[in-house]
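> First the structure, which I've put down as structure tokens, then a few questions once you've had a look.
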Ligand code: HEM
Ligand SMILES: [Cu+2]
């Protein structure tokens, strides 16, 4: 599919646009593409650190008893693993990296609505991240509460929860500003002819995500402020001895954190919806339903937070209602899956790396989603709550779902910005290792959870030993795939084969501009005359 | 980097409104807690609320409403290109913000003096519902006070820009957005005042 056009960076390419050079041309740039790359490299750094911590967790669980670390260290490691993965990788990752890199070009804009605010968001992200990292090495040491910071433990523990929580607050503020910026951009800066019905589905998903960022993140903000107040002032709003109620903490926390899983997964779904039609050479099936279901997920998803609290002592009525609503959200998610599969039907499918990630997304997300229904049904949840089943479930959704979509997006879009691409065969091998290792690791964990192994313990009963060993070996396969993938990808971006303007034959606007894109994205103002998956209209065979 | 030369007013205002939604939900979390704990401790909330300083509360309400009016008048003034008047009106708004904070200082000092502050021995000895009431009161009003400070700072920046001539009849989006923010700060107080001082 690749056209072997010579890579000759047009003088206007965004790589050599500013008078400035060196690091300041990046960290003070207001170009959405440069900011996107800043985000990409920042989130990947934290991802790799957190992967190493995940690997340590799996090594500890390789055999019963103490393997490489004691209970306190284990608590700290899974907390930091979770905090980095959630707050510093996957939540800021999609909007920050690909929302920035791709969305403005896809709607035919020169930049986002507020370029300086955009840069400020990245700086806030870095400031928050620096505070979180500082919290690991100062005060009472890394937090050991789990990424959920549940009271009463988070009020009492001597570890450095206050500073970590403050860092997460700052990162949340960054996320809100990104949301504000993107909603405004999509409303105001669409090119002529870019009607709402012609928005690429990735843009729709970024749009829905941005609303969640705006409306849900402040609840996280106030929750974190309350933890700080509990720890520093002793207000006692969650402390039963002072009349408070710990359950209220859980409500507030999940009012944000359930919608937050849509910040993680919706853009991933958008990526998949853009990749599949290109590699099936068929217009997307059910464009309207996919776009609408993004909004439906964002809306209905804000009413289901109670499914994390079935065993926390809510009233039976609340349990029933939250359980019902959780099943309701499964509907728009399933709509998307059916539409993707229908798009494949009778398509001319080419199994290149981005497509492999997209297809495995569908499978892994479906497994994770169905496991979610087991957790969403109040009766079965009692059995598997807080077990390794939950850990398996959410890794299927956020790693197998959002994470794989992120990798797919990296293979699909990054060559456009570098003008060079990775080695295809190696990418497929890396994907295969990742996919196989992933399933071995996490499917074993789901089975262990069904058998009753709790989560967040460094030790376990001897009967869980064999599957834990299997899972740990799986994690080695998975991580070797991950390393191979990253090396191949980035080696390719800097030294690989040169690509032309439209290597995959996509019909969305980013493929109509030179590779790498010029500073202002378009050489002349684009006028959009066809839909995002109308390959004939775009003149692509 | 060449910025687009024309300014998108509608866009800038849309962005501000989105940010205001976000602010509303920030306070929303605290109002939610208020609702839940009020349902749990109706009696204690009523008793505690009777001990609030109705005088300071009412005075500050009047001050904030006046300040909102002044900032709205400043907007009209800049639209009519009356720069001096705009500056006076903005100055009045900022002055109101300062007086509001000063009253808060007097009110809180008095309450602290009476042993009412988070985690105080007096509250710990009293009924838990009252401790929750005051805990929420201090957090909500404290967060609001922080917003008054931020709003006052924003309006000061706007005033400087008016003074330097960056904000004028042809381009007053800074003032308009600053005023929007200030109205929101006022609006929060319009909810806080009855909930904590009046209705119970
Ligand atoms: C190589 C990759 C990874 C490995 C080996 C790994 C391993 C693990 C393990 C073993 C646990 C469970 C600890 C326990 O409950 O005892 C865990 C927890 C967790 N993981 Fe991962 N993980 C990986 C990638 C990810 C990714 C990509 C994400 C999200 C984007 C993620 C998010 C989380 C979260 C949120 C927790 C829960 C932490 C807590 O309980 O507070 N992980 N991980
Ligand atoms: Cu949830």
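> Could you check the range B:124-147 and list, in sequence order, the residues that are more than 8 Å from chain A (Cβ to nearest Cβ), farther than 13 Å from residue A:225 by Cβ and free of Cβ contacts under 8 Å to residues at least 12 places away in the same chain?
B:125, B:126
> Restricting attention to the range A:248-260, does a residue exist that is over 26 Å from residue A:223 (Cβ atoms), within 23 Å of the chain's Cα centre (by Cα) and surrounded by 20 or more Cβ atoms within 10 Å (Cβ to Cβ)?
No - not one qualifying residue is present in the range A:248-260.
> Here is a check on your reading of the model: is residue A:508 under 24 Å from the mean Cα position of the chain (by Cα), within 12 Å of ligand 1 (Cβ to nearest atom) and either more than 14 Å from every other protein chain (Cβ to nearest Cβ) or under 30 Å from residue A:40 (Cα atoms) (or both)?
Judged against the criteria, residue A:508 is not a match.
> State all residues of the range A:208-227 that are at the interface with another protein chain (Cβ under 10 Å from one of its Cβ atoms) and under 28 Å from residue B:127 (Cα atoms); if no residue qualifies, say none.
Within the range A:208-227, A:222, A:223, A:225, A:226 meet the criteria.
> Taking residue A:293, is it within 16 Å of residue A:208 (Cβ to Cβ), away from ligand 1 (no atom under 16 Å from the Cβ), within 14 Å of chain B (Cβ to nearest Cβ) and within 24 Å of the chain's Cα centre (by Cα)?
So residue A:293 does not fit the description; no.
> Looking at the structure I just gave you, is residue A:180 away from chain B (no Cβ under 11 Å), in a helix (DSSP H, G or I) and in contact (Cβ under 8 Å) with a residue 60 or more places away in the chain?
So residue A:180 does not fit the description; no.
> Moving on. Give me the residue from the range A:144-176 that is farther than 15 Å from residue A:87 by Cα and in a helix (DSSP H, G or I) and, out of that set, nearest to the other protein chains (Cβ to nearest Cβ).
A:155
> Another question about this same structure. Can you tell me which residue in the range A:461-479 is nearest to ligand 2 (Cβ to nearest atom), limited to those that are assigned to a helix (DSSP H, G or I) and either in contact with a strand residue (DSSP E or B) (Cβ under 8 Å, 6 or more places away or on another chain) or farther than 27 Å from residue A:403 by Cα (or both)?
The extreme case among them is A:464.
> I'd like to know if the range A:35-56 contains one or more residues that are at pLDDT 95 or above, in a helix (DSSP H, G or I), within 14 Å of chain B (Cβ to nearest Cβ) and away from ligand 2 (no atom under 16 Å from the Cβ).
Yes, some residue in the range A:35-56 is at pLDDT 95 or above, in a helix (DSSP H, G or I), within 14 Å of chain B (Cβ to nearest Cβ) and away from ligand 2 (no atom under 16 Å from the Cβ).
> Between a residue in the range A:460-481 that is farther than 17 Å from residue A:431 by Cβ and any residue that is within 10 Å of ligand 1 (Cβ to nearest atom) and outside any helix (DSSP H, G or I), which pairs come within a Cβ distance under 6 Å, given they are 6 or more apart or on different chains?
Listed pairs, sorted by first residue: A:460/A:453; A:464/A:453; A:468/A:61.
> Let me ask something else about it. Being in a loop (DSSP other than H, G, I, E, B) and touching a residue at least 12 places away in the same chain (Cβ under 8 Å) is the filter here, so list the residues in the range A:524-539 that pass it.
A:525, A:526, A:528, A:529, A:530, A:531, A:532, A:533, A:534, A:535, A:537, A:538
> Here is a follow-up. I'd like to verify a number: residues in the range A:294-311 that are touching a residue at least 40 places away in the same chain (Cβ under 8 Å) and within 15 Å of ligand 2 (Cβ to nearest atom), how many?
12
> Have a look at A:448, A:433 and point out the one that is within 13 Å of ligand 1 (Cβ to nearest atom), surrounded by fewer than 21 Cβ atoms within 10 Å (Cβ to Cβ), assigned to a helix (DSSP H, G or I) and touching a residue at least 40 places away in the same chain (Cβ under 8 Å).
Step by step, each of A:448, A:433 is checked, and only A:433 is within 13 Å of ligand 1 (Cβ to nearest atom), surrounded by fewer than 21 Cβ atoms within 10 Å (Cβ to Cβ), assigned to a helix (DSSP H, G or I) and touching a residue at least 40 places away in the same chain (Cβ under 8 Å).
> Hey, another quick one. Which ones in the range A:243-266 are away from ligand 2 (no atom under 12 Å from the Cβ), within 9 Å of chain B (Cβ to nearest Cβ) and part of a helix (DSSP H, G or I)?
Of everything in the range A:243-266, those that are away from ligand 2 (no atom under 12 Å from the Cβ), within 9 Å of chain B (Cβ to nearest Cβ) and part of a helix (DSSP H, G or I) turn out to be A:248, A:251, A:252.
> Now, a different point. Would you check which residues across the range A:184-207 are within 14 Å of chain B (Cβ to nearest Cβ) and buried (at least 23 other Cβ atoms within 10 Å of the Cβ) and list them?
Passing the criteria: A:184, A:185, A:186, A:207.
> Quick one: count up the residues across the range A:228-242 that are at the interface with another protein chain (Cβ under 7 Å from one of its Cβ atoms) and either in a helix (DSSP H, G or I) or surrounded by 23 or more Cβ atoms within 10 Å (Cβ to Cβ) (or both).
The qualifying residues number 5.
> Within the range A:113-120, is there a residue that is touching a helix residue (DSSP H, G or I) at 6+ places or on another chain (Cβ under 8 Å), away from chain B (no Cβ under 14 Å) and away from ligand 2 (no atom under 16 Å from the Cβ)?
No, the range A:113-120 contains no residue that is touching a helix residue (DSSP H, G or I) at 6+ places or on another chain (Cβ under 8 Å), away from chain B (no Cβ under 14 Å) and away from ligand 2 (no atom under 16 Å from the Cβ).
> Additional query: Looking only at the range B:46-69, decide whether some residue is within 14 Å of chain A (Cβ to nearest Cβ), in contact (Cβ under 8 Å) with a residue 40 or more places away in the chain and either over 19 Å from residue B:184 (Cα atoms) or surrounded by 16 or more Cβ atoms within 10 Å (Cβ to Cβ) (or both).
yes
The values are calculated or read from the model by the stated rules, or taken from the named source; none is laboratory data. Since this is a predicted model, take the numbers as computed values, not measurements. Reconstructed Cβ throughout: ideal geometry from the backbone, glycine too, with neighbour counts over all protein chains shown.
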